Amino acid sequence: MTPPRRRHPGNPQHTADDESVAGLAARKAAARLLAAVIDARTPLDGLTDNEHGHPQYKALDGRDRALVRAILVTALRYRTTIAGLLSKRLEKPLPPNATALSHILHVAAAQILFLDVPDSAAVDLAVTHAKSDPRTLRFSGLVNGVLRSLARAKEAELAPALAATNEAPQWFSERLTAAHGADKARAILAAHRHEAPVDFTVKADPAFWAERLGGIVLPIGTVRVEKLSANVIDLPGFGDGAWWVQDAAASLPARLFGDIRGQRVADLCAAPGGKTAQLILAGAEVTAVDTSKNRLARLAQNLDRLRLAADLVQTDLLDYRPAQLFDAVLLDAPCSSTGTVRRHPDVPWTKTMADVEKLADLQRRLLAHAVGLVRPGGRIVFSNCSLDPIEGEELYGAFLAGTPDVAADPIRPGEIAGVDPFLTPEGTLRTTPADLDLGSAGISGLDGFFAARMRRTM
């Protein structure tokens, strides 16, 4: 099935002077940032941050920034399909050093195949871009021919191309298959082709806020909206601190503690603060710990909007030694983020298997340190947004086997509303983007998450 073409903010107009061609700066920025993602493995969120992003991106106005991000997300979400359709139109593969040319073609193809941009504008701007760059000047005719051919053939070729491929580098698809089996891996990769819906954790009355926001209430109490009608900050309830954006799966780890009213709870690696807010609302006295000054400042801003308060500590977690042990500790550990590809389609292209293994080693060290922060008898919840068992099930099993003062504290069926479909036989929690089928791709799915609960025994 061919996905609907996405609208974008504004169409370019071609002029004779290359430097004044409307839309050219945006396409150049898109190609430059795509190069940073693919060639330098730079995360897209950092490149498109409005305050600290790439200079070419920051130089654009708001409409062009939105267009650039739409192009990049689309080019990454459908990268292998685009590559295959472009390859069919080349007499021979592009030389290895022709990366700039490849990125120009991918930026244009994303617009032609998936975005609401006139084909002629996408082609003309790509040709102008190629002519403006000494590395690609001699290929401007090739750019014109390949892209015009693609535009003519898209109605006939796009749907079969989508059916015949998936949108993942080989290492990623192989790991998904090894971890989840061929059928589940295919379902996960299919889910990655769709934008994730927007989930809200509400302070109270989910049914009321589902009606106000135009969404539904999920079995776990999260409010889900398929498409936002406005910017988040302009939605009802934002200024009043009635809710915060948080994927349904990300809301589950904080719910695993049970009754924590009056308990001292540490939220480790806490920013941006969604889980911190959950713990505060559950009645705990919360200490939020994060190594990043900027991320902790963002957490503080979020808590201020929500009219919530916590003790904030900026430190390297491995150096953190509080004066008093906590009753419970939540460690939502830094990970490969492979469970968030629907929202961050750059992840498979910026991470490698070596990154997964390196991050798993860091998680083991953080978890071992976290155990020392909780009193004997206290609970530890370990979680992350990875789909790989190396960072989840395998790490948890090995940690239990090698840590005598920690015991499994399995999550029981029926213990938490709506969670049973995601429980494993071992009493841990596992979600994937292929879970929570609600009848349509746009409203279904969850971020990939693993969570396990333990107790310190001595």
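Tabulated values for the structure
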item: Test: residue in segment 423-440 that is among the small types (G, A, S), within 18 Å of the chain's Cα centre (by Cα) and in the same structural domain as A360 (by TED's automatic domain parsing); result: yes
item: Among residues of segment 167-180, those that are surrounded by 18 or more Cβ atoms within 10 Å (Cβ to Cβ) and closer than 16 Å to I82 by Cα, counted; result: 2
item: Filter pass, P348 being within 22 Å of the chain's Cα centre (by Cα) and outside any helix (DSSP H, G or I); result: no
item: Matching residues in segment 305-338 - criterion: being part of a helix (DSSP H, G or I) and either among the acidic types (D, E) or within 30 Å of T457 (Cβ to Cβ) (or both); result: L317, L318, D319
item: Of the criteria (1) over 30 Å from L189 (Cβ atoms); (2) crowded, with 17+ Cβ neighbours inside 10 Å, which one S132 fails; result: (2)
item: Given (1) in a helix (DSSP H, G or I); (2) under 20 Å from R343 (Cα atoms); (3) in contact with a Lys or Arg (Cβ under 9 Å, 6 or more places away or on another chain), number of the condition E167 does not satisfy; result: (1)
item: Residue ID - surrounded by the fewest Cβ atoms within 10 Å (Cβ to Cβ), chosen from residues in segment 258-277 that are on the phi < 0 side of the Ramachandran plot and in contact with a Gly (Cβ under 7 Å, 6 or more places away or on another chain); result: R261
item: Some residue of segment 338-351 being under 19 Å from H369 (Cα atoms), modelled with pLDDT of 95 or more and not charged (D, E, K, R); result: no
item: Single residue of segment 11-66 satisfying the filter (β-branched (V, I, T) and modelled with pLDDT under 95) that is farthest from T80 (Cα to Cα); result: T15
item: Test: residue in segment 182-204 that is buried (at least 17 other Cβ atoms within 10 Å of the Cβ), at pLDDT 95 or above, hydroxyl-bearing (S, T, Y) and touching a Phe, Trp or Tyr at 6+ places or on another chain (Cβ under 8 Å); result: yes
item: Selection count where residues are loosely packed, with under 15 Cβ neighbours inside 10 Å and more than 26 Å from the chain's Cα centre (by Cα), scope segment 278-317; result: 4
item: Members of segment 62-117 found to be aromatic (F, W, Y) and farther than 24 Å from W171 by Cβ, listed by number; result: F114
item: Index of the failed condition, A417 passing every other in (1) at pLDDT 95 or above; (2) under 22 Å from D247 (Cα atoms); (3) not charged (D, E, K, R); result: (1)
item: Condition broken by R27, with the remaining ones in (1) among the basic types (K, R); (2) without any contact (Cβ under 8 Å) to a residue 24 or more places away in the chain; (3) crowded, with 17+ Cβ neighbours inside 10 Å satisfied; result: (2)
item: Residue selected from segment 424-448 under the condition of a type in the set (V, I, T) and in contact with a strand residue (DSSP E or B) (Cβ under 7 Å, 6 or more places away or on another chain), by the criterion surrounded by the most Cβ atoms within 10 Å (Cβ to Cβ); result: T431
item: Qualifying strands (runs of 3 or more DSSP E) (wholly inside segment 171-283; at least 1 residues being touching a residue at least 40 places away in the same chain (Cβ under 8 Å) and of a type in the set (D, E, K, R)); result: 198-202, 223-225, 264-268
item: Test for P206: is it in the same structural domain as L318 (by TED's automatic domain parsing) and either touching a helix residue (DSSP H, G or I) at 6+ places or on another chain (Cβ under 9 Å) or within 15 Å of G418 (Cβ to Cβ) (or both); result: no
item: Qualifying residue in segment 243-257 (condition: surrounded by fewer than 22 Cβ atoms within 10 Å (Cβ to Cβ) and farther than 25 Å from R412 by Cβ); result: yes
item: Which numbered condition E91 fails, given (1) over 21 Å from E195 (Cα atoms); (2) modelled with pLDDT of 95 or more; result: (2)
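Residue by residue, here is whether (1) surrounded by fewer than 20 Cβ atoms within 10 Å (Cβ to Cβ); (2) closer than 30 Å to A191 by Cβ; (3) over 29 Å from the mean Cα position of the chain (by Cα) holds:
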{"position": "V117", "(1), (2), (3)": "no, yes, no"}
{"position": "S120", "(1), (2), (3)": "yes, no, yes"}
{"position": "V143", "(1), (2), (3)": "no, no, yes"}
{"position": "S149", "(1), (2), (3)": "yes, no, yes"}
{"position": "P160", "(1), (2), (3)": "yes, yes, no"}
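The values are calculated or read from the model by the stated rules, or taken from the named source; none is laboratory data. None of these values were measured; they are calculated from a predicted model. Quick reminder, even Gly has a Cβ in these numbers, built from the backbone with ideal geometry, and neighbours come from all protein chains shown.
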